[in-house]
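Have a look at the structure below before the remarks.
The values are calculated or read from the model by the stated rules, or taken from the named source; none is laboratory data. None of these values were measured; they are calculated from a predicted model. Note that each Cβ is placed from the backbone with ideal geometry, even for glycine, and that neighbours are counted across all protein chains shown. Quick note on the areas: whole protein, heavy atoms, side chains included, nothing else; ligands and nucleic acids left out. Shrake-Rupley method; radii C 1.70, N 1.55, O 1.52, S 1.80 Å.
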Amino acid sequence: GSPSDIQISRVKGTPPAWIVRSGAGNVGYIASTAEGTQSVGYSGQPIDVLVGISMNARITGATLVKHSEPVLTLGISSEDISRYVKAFSGYDLNTTMIEAFKDSAVLPPIIARATVSTGVIRDAILRTARTVAIGHGVIAGKAAGIDCTSFEARTWDELVSDGSIAHIAMSLAE
């Protein structure tokens, strides 16, 4: 469909995201790393990247919205960081998880002299995208039956009564 056929609306519940629809159905999701992971950079300030996630679990794009990293003092521009963020486009979220600070052939390399900043950005993009993909049913499999995105405080007695916690005594012969 044409861009005028595209509709974006807020998804209720967790994880926070926007759903993208066209006349043909759901196209994907958009999520904010500031909402998804609440990651902070080397500066101690939030980093916000908008991440697009397709219905086949690929990152469709990423855009740096806000950062307060002191990278300009290191000769690294905001444009360098933006280029780094955009390079996540096409990444398959079904790929085995990668540690945030390790180099990988399938991800953009960490920028020298900005290793903390770009490592935090990488982690925020991947965790946010995976959380949204799992939470909204884009990725199935091992994590599909596990609610990794919401939390509700409960007492010990409540956990026992709903079967979350159980106790059994067995003899050595059993």
- Message: I need the full set of residues from the stretch 106-125 which are open to solvent by less than 10 Å² (accessible area, probe 1.4 Å), farther than 10 Å from Gly41 by Cα and not hydrophobic (A, V, I, L, M, F, W, C), in order please.
- Response: Arg122
- Item | Residue that is most open to solvent (accessible area, probe 1.4 Å) [pool: residues in the stretch 55-83 that are in contact with a helix residue (DSSP H, G or I) (Cβ under 6 Å, 6 or more places away or on another chain) and closer than 15 Å to Ala124 by Cβ] | Leu64
- Query: What are the residues in the stretch 105-122 that are closer than 13 Å to Ala62 by Cβ and in contact (Cβ under 8 Å) with a residue 40 or more places away in the chain, if any?
  - Reply: Ile121
- Residue that is modelled with the lowest pLDDT, among those in the stretch 141-161 that are more than 30 Å from Ile53 (Cβ to Cβ) and open to solvent by 80 Å² or more (accessible area, probe 1.4 Å): Arg154
- Tell me which residues, restricted to the stretch 84-105, are open to solvent by less than 50 Å² (accessible area, probe 1.4 Å), among the hydrophobic types (A, V, I, L, M, F, W, C) and at pLDDT 75 or above. Val85, Phe88, Leu93
- In this structure, does Ile30 turn out to be open to solvent by 30 Å² or more (accessible area, probe 1.4 Å) and within 18 Å of Leu126 (Cβ to Cβ)? yes
- Query: Which condition number does Val138 fail, the rest of (1) closer than 16 Å to Gly36 by Cβ; (2) in a loop (DSSP other than H, G, I, E, B); (3) open to solvent by 40 Å² or more (accessible area, probe 1.4 Å); (4) at pLDDT 85 or above being met?
  - Reply: (3)
- Message: Out of the residues in the stretch 33-51 meeting the condition of being crowded, with 21+ Cβ neighbours inside 10 Å and either out of contact with any Gly (no Cβ under 7 Å at 6 or more places or on another chain) or not β-branched (Val, Ile, Thr) (or both), tell me which one is nearest to Ser9 (Cα to Cα).
- Response: Val51
- Can you tell me which residue within the stretch 2-15, out of those that are in contact with a Ser or Thr (Cβ under 7 Å, 6 or more places away or on another chain) and under 17 Å from Thr131 (Cα atoms), is most open to solvent (accessible area, probe 1.4 Å)? Thr14
